Amino acid sequence: MSEELIFHFDVDGEDFTSAGQASVQVKKNLRRLGISPEIIRRVSIAMYEGEINMVIHAGGGVADVKVLEDRIEIVLTDHGPGIKDIDMAMQEGYSTATDNIRTLGFGAGMGLPNMKRYSDTMKIDSTLGVGTTIVMTVNIQ
Amino acid sequence: MTVGNLIDSCGFEPLNVASPDREISGAYSGDLLSWVMGRASEDNAWITIMSNINVIAVATLVDVSCVIFAEGVTPDEETRKVAKEKSVNLIVSPFNAYETAVKISGYINE
């Protein structure tokens, strides 16, 4: 039986400028494991979007990246306000981010669509006032 | 065309050039970071006027060959420091994004 490898990260909700540290670290770790560059690119971009979302909307959260035999699983958990309308949030261009966030180049309404684009499966579990958990998988070919 | 050759050919200013021999394949212009992450390709030269620290994370994750700041935009000290740590090539173009794209189009293969 192969061993399961998990990377755990706390995503700081206060420090917007450090967002991306977890995904850049994941990129490094996966490269060391010999995962193909295209898979690494998809995992790290999907994760970065998730990280940014947690910083913008939820005051931070946690990210767990599991490397399994046939896939990489990314679990993002926050205790933010939850997503009011997931169908709307999944539409390209829809965003509830503030102008302040937009001046940084975010809030284009492409976060969740990019996460879906770069993952093979994505499941969103969100409860208003409780938080959001997103599970994404990227298959390893 | 390498990053080093592009700087010499176009008269751009090298701001942080960690790997001048890196090959450039195609280019992408955009300032909304998620659009760049969704649309830009590996090894692209990325033209932008956005210069905050998140640009470095995006450049690293997309794995672009270089970031070209248009309009003479120059990132702050902290951003340059992180670019140096992460070996991200940063170039400054005095021209606007359109003019920069036109200028490099003769040198870059898609």
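Observations
- Under the criterion of Cα pairs below 8 Å and six or more residues apart, the relative contact order for the stretch A:5-139 equals 27 percent.
- Of A:Phe9, A:Ile45, A:Gly59, farthest towards positive along the dipole that unit charges on Lys, Arg, Asp, Glu beta carbons give the stretch A:1-115: A:Ile45
- Loop-located GluC sites (Glu not before Pro) across the stretch A:53-140 with a Cβ neighbour count of 13 or fewer within 10 Å are A:Glu69, with loop assigned by DSSP.
- Cross-link partners of B:Lys86 among aspartates and glutamates (Cα-Cα below 12 Å; sequence separation of 8 or more within a chain): B:Asp63
- Evaluated with a Cβ-only charge set (Lys, Arg +1; Asp, Glu -1), chain A carries a dipole of roughly 440 debye about its Cα centre, given to the nearest 20.
- Dipole moment magnitude, nearest 20 debye, the protein assembly as shown about Cα centre, only Lys, Arg, Asp, Glu C-beta charged: 260
- Förster radius 30 Å - calculated FRET efficiency between B:Ser105 and A:Thr96 (Cβ-Cβ, nearest 0.05): 0.20
- Considering all C-alpha pairs of chain A, those separated by over 24 Å amount to 26%.
- Student exercise, chain B dipole from Lys, Arg, Asp, Glu Cβ charges, in Debye to nearest 20: 80
- The stretch A:96-140 and the stretch A:54-88 have Cα centres lying 8 Å from one another.
- Estimated translational D of the stretch A:82-134 in µm²/s (Stokes, Kirkwood radius over Cα pairs; 4 °C; 1.567 mPa s): 109
- Trypsin sites (Lys or Arg not before Pro) restricted to the stretch A:66-96 and DSSP loop, no more than 13 other C-beta within 10 Å: A:Lys84
- Multiplying the residue separation of A:Asp64 and A:Asp85 by 0.36 nm and subtracting their alpha-carbon distance yields 5.1 nm.
- Pair A:His8, A:Glu38: separation of 7 Å Cα→Cβ label points (nm): 3.4
- Peptide ranges A:105-116, B:87-98 listed from the most packed, as the mean C-beta count within 10 angstrom indicates: A:105-116, B:87-98
Bear in mind that the values in this text are calculations on the coordinates, not laboratory data. Predicted, not measured: the structure shown is a model, and the values here were computed from it. Backbone-built Cβ (ideal geometry, glycine too); neighbour counts: all protein chains shown.
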